[in-house]
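Structure incoming, see below.
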Amino acid sequence: MAANGIEPGSIELGNIELGLDTFGDVTLGADGRGRPAAQVIRDVVEQAVLADSLGLDFFGIGEHHRNDFAVSAPDMVLAAIAGQTRRIRLGSAVTVLSSDDPIRVFQRFSTLDAVSRGRAEVILGRGSFTESFPLFGFDLARYEELFEEKLQLFAELRKQGPVTWSGSTRPALNEQMVYPHTESGPLKTWVAVGGSPQSVVRAAHYGLPLMLAIIGGEPLQFAPFVELYHRALGEFGQPQQPVGVHSPGHVAATDAQAREELWPHYAAMHQRIGRDRGWPPLTRAQFDATAGPDGALVVGSPETVAGKITKVARALGLSRFDMKYSHGTLPHDAMLRSIELYGKEVAPMVKENLRVG
């Protein structure tokens, strides 16, 4: 084991994948008013097409069921993107498996895999928003049980053979085949984790790649979770798996420009969500600290963002880093500029930094 505690060989230097995530946040138009959800969805498709043209590795779309996010069916939007792109991998960020049916999730993403010619991935999680539970008739009191049972079933579905399964959260299956199958082996499936050791061990138990959602604090504090994951994989007799990170960020020509562009939209988003969760208002000093060298927010010039991603990738032994580039009402044009800088300048710098050590 390396000095930092991360298993050696968990990242092949220079081969890290650089991706993008969006929640389809409802943005402001030129008139200062919120854009219609339908237009936001079309904007997301345009953003993904740009990411593909820049050679980025992954494009993920999150699932939400509220009026400040436009995308409730990521797989549908991803299918539209598949028809306009050639190489970028496409997936969710995340699919809220607890309030969905594992069979339907598998079928939707295996279908996406077909239309995209093998480019589909799914990132399964419990989600940090809970509006899908009452919407689809699930009891929040069974939050843990729902995810555990459904992940267990999904792991069986990935084997693409007859499934026999029983539990308390859906009807049992007896030697049931589920179609369509994926053409090139098991559907790539990540488990998203926000910082729970139990969730890390669960991902290792099923031998699934780990996606760490690092949206606050210091990313390097997640090193013990990566160590736990690699150790648990070994104890369960599973082969080593990739580790990825999802973190918010924004790129502009200079550090000052990036922070000034992002701050009002990020602060408004924090306040809006915080009203439901009892958070105090975000101060500019807190924002600047989170955007600083040791914080989770990768905001700044291409050089600054690349340096920050490189530091985290080395410390955690990452195989992928996904920047969540949408932030509340941040306008579409600002996101396009951020994506372009991320693809043209940040990604090559990160890969070169890691290649040369």
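The values are calculated or read from the model by the stated rules, or taken from the named source; none is laboratory data. All values derive from a computational prediction rather than experimental measurement. Cβ placement follows ideal geometry from the backbone for every residue including glycine, while neighbour counts extend to all protein chains displayed. Areas reflect the complete protein model, heavy atoms only, side chains present, ligands, DNA and RNA absent. Shrake-Rupley method; radii C 1.70, N 1.55, O 1.52, S 1.80 Å.
Could you check the simple spin-label distance between Ala73 and Gln39, using points 7 Å along Cα→Cβ, in nm with one decimal?
2.3
Taking all protein chains as present, what is the carbon and sulfur share of the accessible area of the chain, in % to the nearest whole number, probe 1.4 Å? Before the final figure, lay out each step's value.
On the way: 7820 of 14720 Å².
C and S fraction of accessible area: 53 percent.
List the residues, sorted by chain then number, that are 5 or more residues from Lys324 or on another chain and whose placed amide H is less than 5 Å from its amide H.
Here Asp21, Ser247, Gly249 satisfy the definition.
Check which residues have an amide H placed less than 5 Å from Glu121's amide H, if you skip close sequence neighbours.
Counting only residues 5 or more places away or on other chains, the set is Leu90, Gly91, Ser92.
Can you list the residues, at least 5 places off or on another chain, whose amide H is less than 5 Å from the amide H of Thr27, using H built in the peptide plane?
Long-range HN contacts for Thr27: Arg35.
Ranking request for peptides 26-38, 86-98, 148-160: highest mean number of other beta-carbon atoms within 10 Å first, then the rest in descending order.
Numbers: 26-38: 13.7, 86-98: 23.4, 148-160: 19.3.
Descending mean neighbour count gives 86-98, 148-160, 26-38.
Give me the accessible area per residue for the chain, probe 1.4 Å, as a whole number in Å². Could the numbers behind the result be given before it?
Numbers: 14720 Å² over 357 residues.
Solvent-accessible surface per residue comes out at 41 Å².
Contour minus end-to-end for Asp101 and Gln238, with contour as 0.36 nm per residue of separation and end-to-end as the Cα-Cα distance? Working shown, then result.
Values: separation 137, 0.36 × 137 = 49.32 nm, distance 2.60 nm.
Net length gain for the segment: 46.7 nm.
Continuing with the same structure: Can you give the extra length, in nm with one decimal, that the chain gains between Ser196 and Ser168 once fully stretched, where that is 0.36 nm per residue apart less the Cα-Cα distance? Intermediate results must be reported in sequence, preceding the final value.
On the way: separation 28, 0.36 × 28 = 10.08 nm, distance 2.38 nm.
Residue separation times 0.36 nm, minus the Cα-Cα distance, leaves 7.7 nm.
Mind computing the radius of gyration and Dmax over the alpha-carbon atoms of the chain? Å is fine for both.
19.5, 59
Suppose R0 equals 22 Å. What FRET efficiency, 1/(1 + (r/R0)^6) with r the Cβ-Cβ distance, do Arg66 and Glu144 give to the nearest 0.05?
On the way: r = 23 Å, r/R0 = 1.04.
E(calc), rounded to 0.05, equals 0.45.
Please give the calculated 222 nm ellipticity per residue for the chain, where each DSSP H segment of at least 4 residues contributes -39500 (n - 2.57) and the sum is spread over every residue; nearest 500 deg cm²/dmol?
Numbers: 12 runs with 146 residues, N = 357.
Calculated mean residue ellipticity at 222 nm is -12500 deg cm²/dmol.
Please work out the Cα convex hull volume for the stretch 99-190 and give it in Å³ per residue. Write down the numbers at each step before the final one.
Working: hull volume 8.8 nm³, N = 92.
For the stretch 99-190, the hull spanned by Cα atoms encloses 96 Å³ per residue.
Fully extended, how many nm does the chain gain between Lys344 and Ala256 (0.36 nm per residue separation, minus their Cα-Cα distance)? Walk me through the numbers before you get to the answer.
Numbers: separation 88, 0.36 × 88 = 31.68 nm, distance 1.99 nm.
Taking Lys344 through Ala256 to full extension adds about 29.7 nm, to one decimal.
Any idea how far apart Asp276 and Arg355 come out in nm if each label point goes 7 Å out from Cα toward Cβ?
Placing both labels 7 Å beyond Cα along the Cβ direction yields 4.3 nm.
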